[in-house]
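Student: Below you will find the structure I want to go over with you.
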Amino acid sequence: MTRSYLLIESRGGHESPDVAHLFDLGRRLREGGHEITVFLVQNAVFALGHPAELEDLVGRGVQVWVDGYSIAARGLDPGRCPQGIRLGGAPDLVRLLMTQDTIPVWH
Amino acid sequence: MGRSLFLGLIGAPYESDLFTTTVRMAEEAVRQEHEVTVWTCGYATALTVTALGPVKPRNAIAWDTAYPSPAAIAAHLLTWAGGRLSWLICRYCAEERGTMDQMPGVRIRPPFEFIQRAHAADVCLVLGTK
């Protein structure tokens, strides 16, 4: 049975090794045929500085969003958002979260 | 159609911008016509204590600017949401941390209600845990 997961990452890769695990979880769930959305907020947006992993997720069919507010708060350039990665905000996050039958995970 | 959202705010609130994220999500969920419950545990219960007052301590490099305290932001959100948002705090956590003196509008609830309310909501998201 296909399920829909929303993985919300709030930490940067230098803050917690579990960030890589969350991305890996998304990758594996996707391989299992599930619909996966990864939403980066807070320090997680620093992942844009080394986007290979995010691009890999996108290439596997994972929807990846980054929070524009968190980008602005950290002085990052939203123009650095690689192709395929969506720039969003709280309205998008809440819309995804409140979608019927979505299983949210916060890290 | 509006649904119910339970946001658990756990952990040290000043360690990151967790409070900001919670407030942004709660506000947007109300805007999208959902019913929101914010439940705080641990030191997050200190975000809404009366002693914080309406503004933060003065900023030395912006002396004349008044920044709202987390308590004032929560109070504003409660007023603005007009009954579509509840802000609850865990009694056990509050007693343990001396944060029982809460601003009006915030309700102190027994700890077992956390799981009851989390289960009862259409969507439950606990922020600040691993």
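Laboratory data are not the source of any read-out in this text; all were calculated from the coordinates shown. None of these values were measured; they are calculated from a predicted model. Note that we place each Cβ from the backbone using ideal geometry, even for glycine, and neighbour counts take in every protein chain shown.
Student: Please identify the GluC sites (Glu not before Pro) of the stretch B:72-130 that satisfy two criteria: DSSP loop assignment and at most 10 other Cβ atoms within 10 Å. Which are they?
Tutor: Here no GluC sites (Glu not before Pro) fit, given the DSSP loop and packing criteria.
Student: With chain B treated as a Gaussian network of Cα nodes joined by springs under 10 Å, which of B:91, B:31, B:58 yields the largest mean-square fluctuation?
Tutor: For chain B, modelled as a Gaussian network with Cα springs under 10 Å, the answer is B:58.
Student: Using the crude model of +1 on Lys and Arg Cβ and -1 on Asp and Glu Cβ, and no other charge, please compute the dipole size for the stretch A:1-80 relative to its Cα centre, in debye to 20.
Tutor: Taking the Cα centre of the stretch A:1-80 as origin, the dipole is about 120 debye.
Student: Could you please rank B:37, B:99, B:50, placing first whichever residue has the fewest other Cβ atoms within 10 Å of its Cβ?
Tutor: Least to most surrounded, the residues fall as B:50, B:37, B:99.
Student: For peptide A:99-107, compute the average count of partner chain beta-carbon atoms within 10 Å of each residue's beta-carbon.
Tutor: Average neighbour count from other chains, rounded to a whole number: 3.
Student: Please report A:71, B:73, B:89 as a ranked list, fewest other C-beta atoms within 10 angstrom at the top and most at the bottom.
Tutor: Least to most surrounded, the residues fall as B:73, A:71, B:89.
Student: I've got another one for you. If you put +1 on each Lys and Arg Cβ and -1 on each Asp and Glu Cβ, how big is the dipole of the stretch B:63-130 around its Cα centre, in Debye rounded to 20?
Tutor: Value, rounded to 20: 200 debye.
Student: Do any GluC sites (Glu not before Pro) in the stretch B:1-80 lie in a loop, going by DSSP, with at most 15 other beta-carbon atoms within 10 Å of their beta carbon, and if so which?
Tutor: In loop regions of the stretch B:1-80 (DSSP not H, G, I, E or B), the sparsely surrounded GluC sites (Glu not before Pro) are B:15, B:33.
Student: Also: What share of all Cα pairs of chain B, in percent, falls into each consecutive 5 Å distance bin?
Tutor: 2, 11, 21, 23, 22, 12, 6, 2, 1, 0
Student: Once the cut-off is 18 Å, how many percent of the Cα-Cα pairs in chain A end up in the long-distance tail?
Tutor: 42
Student: Okay, moving on. Rounded to the nearest 500, what is chain B's calculated 222 nm mean residue ellipticity when only DSSP H runs of at least 4 contribute -39500 (n - 2.57) each, over all residues?
Tutor: -9500 deg cm²/dmol
Student: Per residue and in cubic angstrom, what volume does the convex hull of the Cα atoms of the protein assembly as shown have?
Tutor: It comes to 139 Å³ per residue, whole-number rounded.
Student: Please list, by residue number, every one of the GluC sites (Glu not before Pro) in the stretch A:1-90 that is coil in DSSP and has at most 16 other beta-carbon atoms within 10 Å.
Tutor: A:15
Student: Counting other C-beta atoms within 10 Å, which of A:4, B:16, A:70 has the fewest, and how do the rest follow?
Tutor: Least to most surrounded, the residues fall as A:4, B:16, A:70.
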